[in-house]
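Below is one structure, written out as structure tokens; comments come after it.
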Amino acid sequence: MSTSSRIRRFIALVRKESYQAIRDPSTILIAFVLPLILLFLFGYGVSLDTTRTRIGLVLEQATPLTQDLAASFQASRYFAVTVGRDRRMFEEDLVLGNVRGIVVIPADFTTNYAAGKRPQIQVLVDGSDPNTANFVQNYAQGAVANWERQRQSETVAAGPPISIEQRFWFNPELTSRNFLVPGSIAIVMTLVGTLLTSLVVAREWERGTMEAMMATPVTSAELLAGKILPYFLLGLASMTLCVLLAVFLFGVPFRGSVIALYALSAAFLIPALGQGLLISTATKNQFLASQLALISAFLPAFLLSGFLFEINSMPEIIQWITIIVPARYLIPSLQTVFLAGDIWPMFARAIAVMLLIGGIMFVLAARSTRKRIG
């Protein structure tokens with residue numbers, strides 16, 4: 001068969017799959033509506049910023065010194081402070097979760113401070129949420145340290161205290177949205193790539209059209225390529241929509257290049273689409289294929305990619321498992337493109353690993369797609 005005939009046949013396959021994707025409402029919902037929902041949830045509904053954490057502040061003895069320290073807590077942007085005279089006022093609120101911690105300034109604080117002793121402050125936190133408990137404890141220590149520096153600068157004339165100037169690169173405001181939204185784009189691309197393609201071949205088997213295609217001269221490679229190209233372009237279109245929303249709606253800075261963005265996204269879609277095809281060719285059932293796609297692609301991308309949980313803090317065996325999760329390589333790369341700019345040595349390694357995983361997926365999918373009626 002001539003090359004021109006193969007090209008015409010391949011174009012016909014791509015056109016057929018494109019028409020089928022456009023006519024299928026579920027494809028539009030998954031490619032464009034679902035990403036919008038997820039992006040709005042991560043952009044507005046999920047926040048790791050711990051500003052205005054509710055705490056109870058106990059002043060067992062009100063003196064100018066303890067009130068000055070209490071004012072330091074009240075002025076902190078990290079705390080929403082309610083002042084009381086007895087810790088029992090807040091114990092029930094701590095149990096119910098109405099406050100996240102109790103800071104107790106004891107009655108002997110002023111006496112010990114005047115005598116040159118190291119006064120003690122008690123911090124009670126709700127340990128059922130370890131992250132918030134650590135935040136409350138650290139921010140309380142920071143508030144006390146700031147107060148001590150101010151007192152020393154006012155009372156000691158021997159010289160100014162040591163001043164620490166902090167600077168945070170790439171995300172000066174420490175806004176969690178600036179790294180959650182780029183990470184959520186990777187989650188969206190995982191859903192669009194794997195979930196959509198997992199339904200492609202399975203849909204053909206359920207509708208009985210796969211038998212007709214098996215009777216044609218189309219090879220397995222041409223069949224897979226013809227089905228994958230429209231969804232590859234659909235995934236890039238969905239990514240573009242998400243990036244535009246991230247920059248213009250959520251205000252996430254974009255400091256990298258468009259070339260790096262599309263190179264990373266295209267490389268990631270290869271393993272995502274390959275995994276979807278592998279699931280689709282193995283199951284021949286849309287419901288089962290969609291469930292396997294969610295379990296094997298979405299959950300690992302959400303939990304094992306470093307999106308919300310540090311990979312280094314996971315058990316060692318889980319860290320080894322994350323090596324085969326493509327989103328592990330895309331998420332830090334996307335966050336770098338948005339917040340830091342182009343770092344091509346990092347991108348090249350991520351692209352190479354994602355293409356390797358994608359190549360393995362496509363080889364397995366091609367071996368599973370045998371030209372016979374199963």
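Computed from the coordinates by the stated procedures, all read-outs in this text should not be read as laboratory data. Nothing here was measured: the structure is a model prediction, and the numbers come from that model. Virtual Cβ from ideal backbone geometry, glycine too; neighbours counted across all protein chains shown.
Values as computed for the structure displayed
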| quantity | calculated |
| --- | --- |
| Per-residue [θ]222 nm for the chain (sum of -39500 (n - 2.57) over DSSP H runs n ≥ 4, rounded to 500) | -19000 deg cm²/dmol |
| Label-point separation, LEU244 to LEU355 (7 Å along Cα→Cβ), nm | 2.9 nm |
| Kyte-Doolittle mean at least 0.5 and Cα axial length at least 27 Å: DSSP H helices in the chain | 220-248, 258-283, 344-368 |
| Within segment 53-155, percent of DSSP bridges classed antiparallel, to nearest 5 | 25 percent |
| Taking TYR139, TYR44, TYR113 and counting other C-beta atoms within 10 Å, the order from fewest to most | TYR44, TYR113, TYR139 |
| GNM result for the chain, Cα springs below 10 Å: residue of TRP147, TRP205, TRP344 fluctuating most strongly | TRP147 |
| Fraction of beta bridges assigned by DSSP in the chain that are antiparallel (%, nearest 5) | 25 percent |
| Added length on full extension, which subtracts the Cα-Cα distance from 0.36 nm per residue, ILE37 to ASN138 | 32.9 nm |
| Lysine pairs in the chain with Cα atoms under 16 Å, if 8 or more residues apart or on separate chains | 4 |
| Rounded FRET efficiency, nearest 0.05, which uses the C-beta distance separating ARG87 from ARG149 and R0 of 30 Å | 0.65 |
| Sparse-neighbour loop sites [trypsin sites (Lys or Arg not before Pro); segment 284-374; at most 10 other C-beta within 10 Å; DSSP] | ARG372 |
